[in-house]
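Notes to accompany the following structure.
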Amino acid sequence: MVFWKRMFGEEKKQEQEKEKEQGFFQKLVQGLEKTKQGFVDKVDGIMTGRKVDEELFEELEEALIQADCGLPTAIFLVDQLRERARSERITESEELKSVLVEEITALLERNAAPLKTPEEKPYVIMVVGVNGAGKTTTIGKLAYRFKQEKAKVLLAAGDTFRAGAIEQLTVWANRIGVELVSHAAGSDPAAVAYDAVNAAKARGSDVLVLDTAGRLQTKVNLMNELAKVHRVVQRELGRDLDEILLVVDATTGQNALSQAKMFQEAVPLSGIALTKLDGTAKGGIVLALANELNLAVKLVGVGEQYEDLQDFDASAFAKALFGQSRENA
């Protein structure tokens, strides 16, 4: 990715980019193995040596629901297939499978969007999500990514409530070699946000990544506090934040939808960072998030290494899911 090209004037060699893309595609293939076993293998069974009829569509809808695509998304996709089968006179199930890949890709691409390109400094990302979703790890991987692209990175330890949260982010900052703004445990997170934005301005930071308390989406007072942190950052910046990312654990399945809906009410989410995709058989949640919430999955985590948090590629996801090659993605 040439994320910082405009800001720093750096061009990455095409061969290096291609190798990186191929490497991540293989990680994606491996990461989706459980989903493939739980969903794609079932789809293969449904769509092998069958005539295209209503029974096939009903079985496919059930398989999509079981993969945590959700009822609305499953119905939408199957309706699309019915229409294409009718209009294109598709009678064999194997041909319909390639249409399913096309429709999944189209669904994801409708709301696809990469991280925004920096236009002014500091570039500010606010990271939200429930405890255990992988929020701090995602922040660490983002910091590593920006540091590799020669950006001056500042982290803000805005999760002042969870025991060990500040220490955990401190470890990441020290490991990667970036600066950190933090207050004592139990401090007002809005005060941390205030100091972080002004420190980023004073130090000439290129990027500010703000952690927030991992709060239950059902706690109204905590969600109100999150909204306050957002207002403070926006006020001190004098503009909208560049990104407000919701970190979602892919293994939570349909519960991720209710989380996202509540967070959307508190702050204007710009996209999703989906973690632990390699640990779930229900990767269909990617489709549900995109279709039902009109939220772009911007980043996806498929492993523990620093580089395993990458830009989400709708076509690559669909091709990896169904075992097709990157060249055809």
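The values are calculated or read from the model by the stated rules, or taken from the named source; none is laboratory data. Only a predicted model underlies this, so the values are computations on that prediction, with no experimental measurement involved. Positions of Cβ are backbone-derived with ideal geometry, glycine not excepted, and every protein chain shown enters the neighbour counts.
Of the conditions (1) within 30 Å of the chain's Cα centre (by Cα); (2) among the β-branched types (Val, Ile, Thr); (3) surrounded by fewer than 16 Cβ atoms within 10 Å (Cβ to Cβ), Thr91 fails just one. Which one is it?
Of (1) within 30 Å of the chain's Cα centre (by Cα); (2) among the β-branched types (Val, Ile, Thr); (3) surrounded by fewer than 16 Cβ atoms within 10 Å (Cβ to Cβ), only one is false for Thr91: (1).
Exactly one condition in (1) under 24 Å from Ala260 (Cβ atoms); (2) at pLDDT 95 or above is false for Ala151; which is it?
Only one criterion is unmet by Ala151, namely (1).
In region 245-270, how many residues are buried (at least 21 other Cβ atoms within 10 Å of the Cβ) and either without any contact (Cβ under 8 Å) to a residue 24 or more places away in the chain or assigned to a strand (DSSP E or B) (or both)?
Residues in region 245-270 being buried (at least 21 other Cβ atoms within 10 Å of the Cβ) and either without any contact (Cβ under 8 Å) to a residue 24 or more places away in the chain or assigned to a strand (DSSP E or B) (or both): 5 in total.
Can you tell me how many residues within region 139-167 are closer than 24 Å to Val248 by Cβ and either crowded, with 19+ Cβ neighbours inside 10 Å or in contact with an Asp or Glu (Cβ under 7 Å, 6 or more places away or on another chain) (or both)?
The qualifying residues number 17.
Whether any residue in region 206-218 is surrounded by 15 or more Cβ atoms within 10 Å (Cβ to Cβ), closer than 30 Å to Phe312 by Cα and without any contact (Cβ under 8 Å) to a residue 40 or more places away in the chain is what I want to check.
No - not one qualifying residue is present in region 206-218.
Do you know which of the residues in region 45-57 that are without any contact (Cβ under 8 Å) to a residue 12 or more places away in the chain and not small (Gly, Ala, Ser) is surrounded by the fewest Cβ atoms within 10 Å (Cβ to Cβ)? First the steps, then the outcome.
Narrowing region 45-57 to residues without any contact (Cβ under 8 Å) to a residue 12 or more places away in the chain: 45, 53-55.
Retained after the next criterion (residues that are not small (Gly, Ala, Ser)): 53-55.
On the way: Asp53: 11, Glu54: 8, Glu55: 11.
Checked region 45-57; the qualifying residue surrounded by the fewest Cβ atoms within 10 Å (Cβ to Cβ) is Glu54.
Could you check how many residues of region 72-88 are surrounded by fewer than 20 Cβ atoms within 10 Å (Cβ to Cβ), under 21 Å from the mean Cα position of the chain (by Cα) and either within 13 Å of Leu60 (Cα to Cα) or free of Cβ contacts under 8 Å to residues at least 60 places away in the same chain (or both)?
0
Assess whether Thr218 counts as being assigned to a loop (DSSP other than H, G, I, E, B), among the β-branched types (Val, Ile, Thr) and modelled with pLDDT under 90.
Working: assigned to a loop (DSSP other than H, G, I, E, B): yes; among the β-branched types (Val, Ile, Thr): yes; modelled with pLDDT under 90: yes.
Judged against the criteria, Thr218 is a match.
Based on this model, can you work out whether Ala157 counts as under 20 Å from Leu245 (Cα atoms), at pLDDT 95 or above and over 18 Å from the mean Cα position of the chain (by Cα)?
Answer is yes for this residue.
Just wondering, is there one or more residues in region 185-204 that are outside any helix (DSSP H, G or I), surrounded by fewer than 21 Cβ atoms within 10 Å (Cβ to Cβ) and modelled with pLDDT of 95 or more?
Checked region 185-204: at least one residue is outside any helix (DSSP H, G or I), surrounded by fewer than 21 Cβ atoms within 10 Å (Cβ to Cβ) and modelled with pLDDT of 95 or more.
Quick one: in region 48-102, which of the residues that are closer than 19 Å to Gln254 by Cβ and β-branched (Val, Ile, Thr) is modelled with the lowest pLDDT?
For region 48-102, the residue satisfying everything is Ile65.
Quick check on this structure: which one of Lys27, Lys36, Lys18 is over 30 Å from Ala143 (Cα atoms), under 25 Å from the mean Cα position of the chain (by Cα) and at pLDDT below 75? Even if it seems obvious, please write down each step before you answer.
On the way: Lys27 fails: over 30 Å from Ala143 (Cα atoms); Lys18 fails: over 30 Å from Ala143 (Cα atoms).
That would be Lys36, the only listed residue that is over 30 Å from Ala143 (Cα atoms), under 25 Å from the mean Cα position of the chain (by Cα) and at pLDDT below 75.
Of all residues in region 284-309, count the ones that are assigned to a loop (DSSP other than H, G, I, E, B), of a type in the set (A, V, I, L, M) and over 15 Å from Glu109 (Cβ atoms).
Matching residues across region 284-309 total 1.
I'd like the residue in region 103-146 that is modelled with pLDDT of 90 or more, of a type in the set (Lys, Arg) and assigned to a helix (DSSP H, G or I) and, out of all such residues, is farthest from His230 (Cα to Cα).
Arg145
Looking at (1) within 30 Å of Phe39 (Cα to Cα); (2) surrounded by fewer than 19 Cβ atoms within 10 Å (Cβ to Cβ), which is the one condition that is false for Thr170?
(1)
Conditions tested, residue by residue: (1) under 15 Å from the mean Cα position of the chain (by Cα); (2) at pLDDT 85 or above.
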residue: Gly238; (1), (2): no, yes
residue: Leu241; (1), (2): no, yes
residue: Leu269; (1), (2): yes, yes
residue: Glu307; (1), (2): yes, no
residue: Lys319; (1), (2): no, no
residue: Arg326; (1), (2): no, no
